[in-house]
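To keep things clear, I will list the structure first and then write my remarks on it.
Bear in mind that the values in this text are calculations on the coordinates, not laboratory data. Here the structure is a predicted model, which is why all the values come from computation and not from measurement. Every residue, glycine as well, gets a Cβ built from its backbone with ideal geometry; the counts of neighbours run over all protein chains shown.
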């Protein structure tokens, strides 16, 4: 009974040591830490927006159309970032829109990550014609500009947030498949895989239990960067009227509603655009920090 305990303890200690080491290298990147702080605030805003938003995002205030931000002449203290063309509070809509952005990023990355890992594992493990078939399909998807392909898919499936997320997930999936395949091929010839084969491990155990845990680092970085790509693509589809549909306070939809007022009411399009910019920048900074922390070649001694 003592042997399993003796084996388990070092693993837990090693895992905790690895997390501390990763955090140490991540924290050396000030931009990554700043991105993590901003992203944490956005997640909190997204979670608690129903309680902290000053107004109902769908409520229309008659007589308060295109009210400028509070710091500009003619502003109203009730509307910190002003109102849109039909009298809705922009700050409240931004807060609730953060929920859409976080949901889009999480769902898209989850779908593309799971699909890409499965396809990449199968291709890298079995090789041969299976590998060639899967990789050629991935190459065909990558041959098209991502936003254009997503646009075509949403047009076929029909406009809507769910269809937009499915289309974006399909477009991002080849990146995870190719990364997983490359990592599996590199790990397949290692001694621990050979030992597991000799011990009688089946194909599924070898793929998902033995090999996959050692391919996680590049997938984490790619997932972080794909999160920002998903938010950008969803905002673009929403701007074109193919993503989230009005009156949903999704940031791309807010930009679409405000485009005709860009010259006379700068805030209705600039502030949602800045929200997208800050969010994507924060996620990319986190991705850069994770790349530096998880790649042994980039770690400083």
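A few notes on this one:
- Prolate/oblate/rounded call for segment 11-108, Cα gyration tensor, a/c under 1.5 rounded: prolate
- The angle between the Cα long axis of helix 216-239 and the main principal axis of the chain comes to about 30°, on a 0 to 90 degree scale.
- Peptides ranked, highest mean first, by Cβ atoms within 10 Å: ranges 242-254, 188-200: 242-254, 188-200
- Segment 198-246: proportion of alpha-carbon pairs further apart than 15 angstrom, %: 64 percent
- Residues in segment 126-140 that a label on residue 188 would reach, taking backbone N under 13 Å of a point 7 Å out along Cα→Cβ: 126-135
- Value at 222 nm in deg cm²/dmol, rounded to 500, when DSSP H runs of n ≥ 4 in the chain each add -39,500 (n - 2.57): -24000 deg cm²/dmol
- Distance between modelled label sites at residue 51 and residue 198, nm, 7 Å Cα→Cβ extension: 5.7 nm
- With Cα atoms, 0 to 90° folded angle of helix 30-52 axis to the chain main axis: 60 degrees
- Degrees separating the helix 90-126 axis from the principal Cα axis of the chain, which is the longest one: 20 degrees
- Convex hull of Cα atoms in segment 25-298, direction-averaged projection (nm²): 17.3 nm²
- Its Kirkwood hydrodynamic radius, worked out from the mean inverse distance over all distinct Cα pairs, puts segment 35-168 at 18.3 Å.
- Normalised by residue count, segment 152-285 yields a Cα convex hull volume of 122 Å³ per residue.
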